[in-house]
Amino acid sequence: MHIFPTPRADSVTDLPAWHPWRVNLADSAFLRACRRQPVPHTPVWYMRQAGRSLPEYMKAREGVPMLTACETPDMVVEITLQPVRRYGVDAAIFFSDIVVPLKAIGVDLDIKPGVGPVVADPIRDARGIDALRPLEPGDVPYVTEAVRALVGELGGTPLIGFAGAPFTLGSYLIEGGPSKNHDRTKAMMYGEPALWHALMERLTDIVLEHLRVQVAAGASAVQLFDSWVGAVAPDDYREFILPHTRRIFEGVEGVPRIHFGVGTGELLGLLGEAGADVVGVDWRVPLDEAARRVGPGKALQGNLDPAVLLAPWEVVERKAREVLRRGREAEGHVFNLGHGVLPSTDPDQLKRLTDLVHEAH
């Protein structure tokens, strides 16, 4: 079981004003659920809750490229706060992108609207891996500044920091952008295992430092997104991915750690084995079955299908209550979607859903 240290009472006043231990988060339903403690209500937040479904987000981002927005602290703060104000969710998720640390160390990439991250010079050999230098806190000063400002603004609402996992980042770097089948990625993984592990080790160092920067600045929890890891089989996950993911979770201390991937029904036990405190579940596996696959000692997060929110409210309510019912089988449950909020989602549906989750018994 992961230990969450608390400073001595006489040391709290020595901490910076923005540090979460200066704020009373002991009663946070989100943090309590992550730690598998009793909660006053089921906590809820949504992946991509700050994004294209909000008109205020579209206004803030008008004419501003994604990576520019991620490097502008005032904009990061505003966008992160928008869904907290509108929905009253139990946690904020830091507005950023998983490729930010790669851009910060000099990788030539951009986020193309409607496409995703595009890498100018894909990594296919040892020389490309050697060009990935370590990330240092000074590379991402805008992250530290934004996290500190957010902690001050959020008060008793926890802030979740996040990063992309090595497999998913590695896939973008190898393929040069999004990939349906991850052909080149798997070709390196199977055909050049030494090269593969060298890349994973380099990315693990970068990801771990990026998470530590956010925690040091005051994030109350972290989530590791391994968006595309559902493309691999369990045996391959254990051999080629698990050691690196485990090192990340072992290196992040003092805050709850969440692990999430898409299409990971066959990997849920391994995701838990990697060391997270909370395992995120997409919409494909019911939460009671997910609890069985993950095993004891973990909380679960999820897992309403995001597309359900496009249906009439009575459908949303029925499906949400089913998720809540099945989530009772977990030792701790954080309500969320099974992936990110879809751009065409009506914000009013998410507000009603948040209220429903808070009021349900």
Only listed residue being buried (at least 24 other Cβ atoms within 10 Å of the Cβ), over 15 Å from Arg36 (Cα atoms) and among the small types (Gly, Ala, Ser), chosen from Ala274, Ala291
Ala274
Take segment 170-224 and flag every residue that is assigned to a helix (DSSP H, G or I), closer than 27 Å to Met47 by Cα and among the hydrophobic types (A, V, I, L, M, F, W, C).
Leu173, Ile174, Met200, Leu203, Ile206, Val207, Leu208, Leu211, Val213, Val215, Ala216, Ala217
Looking at segment 248-261, is at least one residue at pLDDT below 95 and within 22 Å of Gly340 (Cα to Cα)?
no
Residue check, Ala360 against (1) over 23 Å from Phe95 (Cβ atoms); (2) in contact with a Gly (Cβ under 9 Å, 6 or more places away or on another chain), all met but one. Which one?
(2)
Qualifying helices (runs of 4 or more DSSP H) (wholly inside segment 41-151; at least 1 residues being within 18 Å of the chain's Cα centre (by Cα))
66-70, 73-87, 100-104
Cβ-Cβ distance below 7 Å, separation of 6 or more or different chains: which pairs start in segment 137-159 with a residue that is free of Cβ contacts under 8 Å to residues at least 12 places away in the same chain and polar (S, T, N, Q) and end on one that is buried (at least 19 other Cβ atoms within 10 Å of the Cβ) and part of a helix (DSSP H, G or I)?
none
Of Ile111, Ile93, which residue is in contact with a strand residue (DSSP E or B) (Cβ under 7 Å, 6 or more places away or on another chain), of a type outside the set (Gly, Ala, Ser), under 25 Å from Arg48 (Cα atoms) and at pLDDT below 95?
Ile111
Identify the single condition in (1) in a helix (DSSP H, G or I); (2) in contact (Cβ under 8 Å) with a residue 40 or more places away in the chain; (3) of a type outside the set (D, E, K, R) that Ala163 does not satisfy, given that it satisfies every other one.
(1)
Output the residues belonging to segment 306-332 that are free of Cβ contacts under 8 Å to residues at least 60 places away in the same chain, within 23 Å of the chain's Cα centre (by Cα) and surrounded by 17 or more Cβ atoms within 10 Å (Cβ to Cβ).
Pro306, Val308, Leu309, Ala320, Val323, Arg326, Ala330
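Name the residues in segment 201-236 that are more than 19 Å from the chain's Cα centre (by Cα) and not β-branched (Val, Ile, Thr), would you?
Within segment 201-236, Glu201, Arg202, Ala233, Pro234, Asp235, Asp236 qualify.
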Would you pick out the residues in segment 48-59 that are out of contact with any helix residue (DSSP H, G or I) (no Cβ under 6 Å at 6 or more places or on another chain) and of a type in the set (A, V, I, L, M)?
Met58
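The values are calculated or read from the model by the stated rules, or taken from the named source; none is laboratory data. Remember, predicted model here, so these are calculated numbers, not experimental data. Virtual Cβ from ideal backbone geometry, glycine too; neighbours counted across all protein chains shown.
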